[in-house]
Each structure stands twice: as C-alpha cells, then as structure tokens.
Amino acid sequence: MMNNDLVSIIVPVYNVEKYIEKCFYSLLNQTYCELDIILVDDGSTDKSGELCDRFAKMDKRVRVIHKKNGGLSDARNRGIDAAKGRYITFIDSDDYVSGNYIWHLYKLLIESQADIAITRAIKIYEKEEAGKEDSFEEADTCCFSPEEALKDMLYRKNIPVYAGAKLFKMEIFKNIRFPKGELFEDLSTVYLLFHQAGKIVFNPVRDYYYLQRNNSIVNSEFNHRKMIQVSSTERIIAFAQKYYPGSVNAAKSKCFITTLNLYKSIPGGRKFRQDRITAKKVLKKYNRDVFKDKENKKLTRMIAGLSLISIEGVCLIGRLYQWLFRKGIIRLSKPV
C-alpha cells in the first residue's frame, strides 16, 4: 500500500551555477510530490548559493543550508542531519533525474518491503541530452540480501557503487555518515549501508543522469589523495572476510580493478614513485586470485591473467583505450 511518505532529497552544492538549474527543475517536476528538498550550499564562491535561495522561494518544499566549505561528505552529512523524511536519497548538483525517478524508487521499496531501492544511472556528456526516458518494467525487478547486493556491486554487474540512484530508509543512517575530507566517499560508505539493510531491491530502469565533467574529481589528474581508493577497497576485503566470506573474491576483484585504473593514471617520475610501488604491490597481491575466480567476468579475469605476465602491458592497452575514448573514436553506450 502506498502511503505517500515524505522523501528527503539531499543535494550538495558547490560552484555549479552552470548546472544546478537543470538539476533543480528535474526535482521540482517529480511525479511523486511528497518531497523535502534540501540544498546544501557548501561555501560556493560563484552564484550557486544565490540560485539556491531563489529556488527556495519558488517552492515551500525546498530548504537551503549555507555552510563553510567542508567537502561533499560534510555537505551530505549536514543534509542527513536536517532531513525530515522517512526515506532519503542523494543527487549531485551537476546531475539530474527523470520525472519518475522518486516514484520508481519509492514504488520499488514499498512494494518489495525493502530497506534500500536501487535503479541505474546512465552517463551523460556535456552538451548531450538524455534522450527518451526508459520504461519501467516490473518484471525486471529483483531482490537481494545484503550479501547478494554487495557481491553484485563488487563484481560490477548491476548495482552501482555510488550513493545516487538509491533510496534508503532513514534509520539505516542512524550510525553511519559519509567520511569527511575523503575522496570517493561512496566507496567507503555504500557497503556499510547494505550491511544495515534486511532486503535490497533493484530495477535496471535508467532514470539518474550522471554528468561527465572534464574537471570532476573522477576525471581530474592523479594526486596522492586518490590513493584512498586502494585502502578503501582493502577495507572492504577485510569487512567481507569478517561478515560475508562468500563475497571475499568479489571484494578482491573490486580492489584489483580499482587499483589498476588508478595505477594507469599515476605519472612517471620521482614525485609519485611510492604511490606506483604501493599500487603495484596491491595488483600483484590479488591478480592471481582474480584470474582464478570463475564467478568473475571473463574480461576481468583476462585482464588479471595478462597482468600476471605484464602489468605495464595491461596499462598500455588501457591507455590506448582511454586515448581512443577521448578522441571520440569509441564511446561508452552502456549504463554506469
């Protein structure tokens, strides 16, 4: 039974005056109306904060929090603390969603009596429109236990690792917050949220539009802070060993692929020599297990197998692929 419960939407905002209007109107035009929209201005130095205040005057469901800059995690955490909804979701201010986004997630969660509902995102590039909205097919819905969802996410099958495209029961955040000051905060948080859930429901409808910006953290040049991804994924391995032994190989796979992608981006020279050494040790630590794992994707196993022969050779192939991608010779058409 649908109860029209209040859903809090947390939108961290920092220097996105070029993008936030599209994000905001996608929220305002939701078919599900019981919304608590919280725009957290994280010390923006452009006109983003002013735009937030203007948006709040347009709709009583919108609230604005202005704060000193503390990063994405800190902004999300302030939003969580201020949320009034029974359910909560996160949308980055340069992304946008379909008109049925909240309705899809709420319907999934209520009808499945789940604690977390998940759909899919699709990558959108600047100056590119989303195209026709996906149709929602109930027959495609599937439910997972926490371990099944974790395994699916770590094997990079259906469930994305980021906080977007998900609706959570508010009580799941009782003892969990995003790590302040840490890059790639979703990697350190989403698996803990799964652990708190009893049931997780997923539908592959693509209703979250994930903007790919050249100056985003993900697409920016390497710096030492990005090495947090290595320690984060190794923590997930330790977590799986303690709570979900059947997911250890999946966690190793995630660590291997994450570290390999990071290793490819580390420049030569003395400045980042220790980071290259650290990453290479991790790759050698797990590549054999990933290669032998018959549950894993064939492509991932092949990459791990090639890395047993030459890690540098695998990286060279990866850099060629990235160059072809940047030149527009190849494009990613699949969902994130």
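The numbers here are math on the coordinates, done by the rules we state, and not lab data. If you're wondering where the values come from, they're calculated on a predicted model, not measured in any experiment. Neighbour counts are summed over all protein chains in view; Cβ atoms, including those assigned to glycine, are modelled from backbone coordinates with ideal geometry.
Assuming R0 = 22 Å, can you tell me the calculated FRET efficiency for the pair Tyr125 and Asn158, based on Cβ-Cβ distance, to the nearest 0.05? Each step should come with its number before you reach the end.
Details: r = 23 Å, r/R0 = 1.03.
Taking R0 as 22 Å, the efficiency between Tyr125 and Asn158 is 0.45.
Quickly rank 11-20, 291-300 as a protection proxy: mean count of other C-beta atoms within 10 Å, highest first. Kindly include the intermediate steps, with their values, before the conclusion.
Details: 11-20: 21.6, 291-300: 14.1.
Taking the mean over residues of other Cβ atoms within 10 Å, the ranking is 11-20, 291-300.
Subtracting the Cα-Cα distance from 0.36 nm times the residue separation, let me have the gained length for Arg235 to Gln322 in nm, one decimal. Don't jump to the answer; show the numbers that get you there.
Values: separation 87, 0.36 × 87 = 31.32 nm, distance 2.83 nm.
That works out to 28.5 nm of additional length.
Tell me, what ³J(HN,Hα) does each residue in the range 92-100 have, in order and in whole Hz, if you take phi through Karplus 6.51 cos²θ - 1.76 cosθ + 1.60 with θ = phi - 60° and put x for Gly and Pro?
Couplings: 6, 6, 9, 9, 8, 9, 6, x, 9 Hz.
Can you work out the PRE-style zone for His66? Point 7 Å along Cα to Cβ, and I want the residues of the range 15-37 with backbone N under 17 Å.
The answer is 15-17.
Once the piece of chain linking Ala82 and Ile277 is laid out straight, how much longer is it, given 0.36 nm per residue of separation minus the C-alpha distance between them?
Once the chain is fully extended between Ala82 and Ile277, it gains 65.9 nm.
Please find, in a Gaussian network model of the chain (springs between Cα atoms separated by less than 10 Å), the residue of Ala114, Ala82, Ala240 whose mean-square fluctuation is greatest.
Comparing Ala114, Ala82, Ala240 in a Gaussian network model of the chain, the most mobile one is Ala82.
For a protection proxy built on the mean count of beta-carbon atoms within 10 angstrom, sort 33-45, 170-182 highest first, please.
Numbers: 33-45: 20.0, 170-182: 15.0.
Listed from highest to lowest mean packing, they are 33-45, 170-182.
Please label the shape of the chain as rounded, prolate or oblate, based on the square roots a ≥ b ≥ c of the eigenvalues of the alpha-carbon gyration tensor (a/c under 1.5 means rounded; beyond that, a/b larger than b/c means prolate, else oblate). Provide the component values of the computation, followed by the final result.
Details: a/c = 1.73, a/b = 1.40, b/c = 1.24.
Because a/c hits 1.5 or more and a/b exceeds b/c, the chain counts as prolate.
Output the relative contact order of the chain, whole-number percent, from Cα pairs under 8 angstrom with separation of 6+ residues. List each step's numbers first, then the result.
On the way: 592 pairs, mean separation 55.9, N = 336.
Relative contact order here is 17 percent.
Quick one: what are the phi-derived ³J(HN,Hα) couplings along the range 20-27, Karplus 6.51/-1.76/1.60 with θ = phi - 60°, whole Hz, x for glycine and proline?
5, 4, 5, 4, 4, 5, 5, 7
In whole percent, what relative contact order does the range 14-147 give with Cα contacts below 8 Å and a gap of six or more residues?
Normalised by residue count, the contact order of the range 14-147 is 28 percent.
Which FRET efficiency, nearest 0.05, do Ser310 and Glu133 yield, Cβ-Cβ r, R0 41 Å?
For R0 = 41 Å, the calculated efficiency reads 0.40.
Given Lys22/Lys166; Lys151/Lys199; Lys18/Lys84; Lys123/Lys226; Lys84/Lys107; Lys166/Lys199, which pairs have Cα atoms separated by over 23 Å?
Details: Lys22/Lys166 20 Å; Lys151/Lys199 14 Å; Lys18/Lys84 29 Å; Lys123/Lys226 21 Å; Lys84/Lys107 19 Å; Lys166/Lys199 13 Å.
Correct reply: Lys18/Lys84.
Evaluate E = 1/(1 + (r/R0)^6) for Glu34 and Lys242, where r is the Cβ-Cβ distance and R0 equals 51 Å; express this FRET efficiency to the nearest 0.05. Before the final figure, lay out the partial values.
On the way: r = 39 Å, r/R0 = 0.76.
The computed FRET efficiency comes out at 0.85.
Whole-Hz Karplus ³J(HN,Hα) for the range 156-169, in order, using 6.51 cos²θ - 1.76 cosθ + 1.60 and θ = phi - 60°, x for Gly and Pro?
6, 8, 10, 7, x, 7, 7, 6, x, 6, 9, 10, 10, 5
Counting helices only, and only those DSSP H runs with n ≥ 4, report the 222 nm mean residue ellipticity of the chain as the sum of -39,500 (n - 2.57) divided by its residues, in deg cm²/dmol to the nearest 500. Before the final figure, lay out each step's value.
On the way: 11 runs with 141 residues, N = 336.
One gets -13500 deg cm²/dmol as the mean residue ellipticity at 222 nm.
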